[in-house]
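Since the structure comes first, as structure tokens, the remarks are kept for the end.
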Amino acid sequence: MDQELTKKIDELLELNVGALERSDLSSLGFSEHLNLIVDIHSDLVFISENIIPNNELYGVDDLRLYKSLITNFLTEADKILKFDPATDRNNIQTREQIIRRLNETRDSINKNHIGLINSVKLANLKPENFDSLIAELKKSKRESDKILKSLRENSAEKGVSIQAGVFSGQADKHKTASKWWIGISGLFLLFLVVYLLWIMFHGHKDIQFDVVGSVIYHTALRALVISILSVGLFQSLKLYKANKHLQSLNLHRQNVQNSFTFFVQALPVGSEARQTVILEATKSVFAHNQTGFLGTESTSNNNLSFNIADLISSKSPGE
């Protein structure tokens, strides 16, 4: 066993788990997560005292995974002890990150090490302790079921976060397109103004007013040029507003998706508030929100969004 791992194990055994509750921080403390912290600490202590010293006996050749688990837990424990909301401007996010990493450590133990832990406990079990082991195995099953449910929800949440990158890319494309179209609109406007000024000051020189055909020809020609420039100006402005509208929509969706995971992780699994956040995030994707760039905005997509939202809200959390 290397000296660094030995040092980490000593730190783990000397750690005062009760101090990690941080009851002095009131609502920003970790009282509601103390059971999680105690469970992780208990399993890591068991690994340190029973599995690591006898790793060859249990067929564990590489101790780096255990070293990593212990190091990660001690790092988060140190962050909890040093956590000061008064000086940390992002204290809520810092707290959520600590809780998330603790849950990741718990999940890693349950996924990769709980089988060996239970086997070693069973091998060392005395007959009078059978009942307690059975109770612990049942607890492990409940935790595994909870983890599976959490994984399903997390996969959806990560998918939402990834989708935010798609919306960001679309917003950038429409932003670039809107810049091009406003530039083209400016050129059409410039040409139109210059042409009108030319007509006012010089355009009459070519017209033979005593010849009806000349008047009709030059008038029609000027009307045609003005019409072309006016239509070009109108269409380019229309495309500019359409791209600005789509840019605003995608930025709104990106902001919602970026904050979605943070809000969901801050709420209890299966709670009504959590389902509401998911529902509102769904509406933000499918709803046709008004941005002010389009004069008349259809509400047909809004009806679609509420139909989709109704379908989602009618599903139970477990489905």
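Checking each residue of the range 56-76 against the condition of being over 18 Å from residue 102 (Cβ atoms) and either at pLDDT 85 or above or touching a strand residue (DSSP E or B) at 6+ places or on another chain (Cβ under 9 Å) (or both) gives no match. Taking residue 38 as the residue in question, decide whether it is at pLDDT below 85, assigned by TED's automatic domain parsing to the domain that holds residue 12, out of contact with any Asp or Glu (no Cβ under 7 Å at 6 or more places or on another chain) and not aromatic (Phe, Trp, Tyr). For residue 38, the condition - at pLDDT below 85, assigned by TED's automatic domain parsing to the domain that holds residue 12, out of contact with any Asp or Glu (no Cβ under 7 Å at 6 or more places or on another chain) and not aromatic (Phe, Trp, Tyr) - is not met. Residue 19 passes every criterion in (1) assigned to a helix (DSSP H, G or I); (2) more than 26 Å from the chain's Cα centre (by Cα); (3) surrounded by 15 or more Cβ atoms within 10 Å (Cβ to Cβ) apart from (3). The residue pairs whose first member lies in the range 217-228 and is farther than 14 Å from residue 190 by Cα, whose second member is part of a helix (DSSP H, G or I) and among the β-branched types (Val, Ile, Thr), and whose beta carbons are closer than 7 Å, counting only pairs six or more residues apart or on different chains, are 222/199.
The values are calculated or read from the model by the stated rules, or taken from the named source; none is laboratory data. On a predicted model such as this, the values are computed, not experimentally measured, just so you know. Virtual Cβ from ideal backbone geometry, glycine too; neighbours counted across all protein chains shown.
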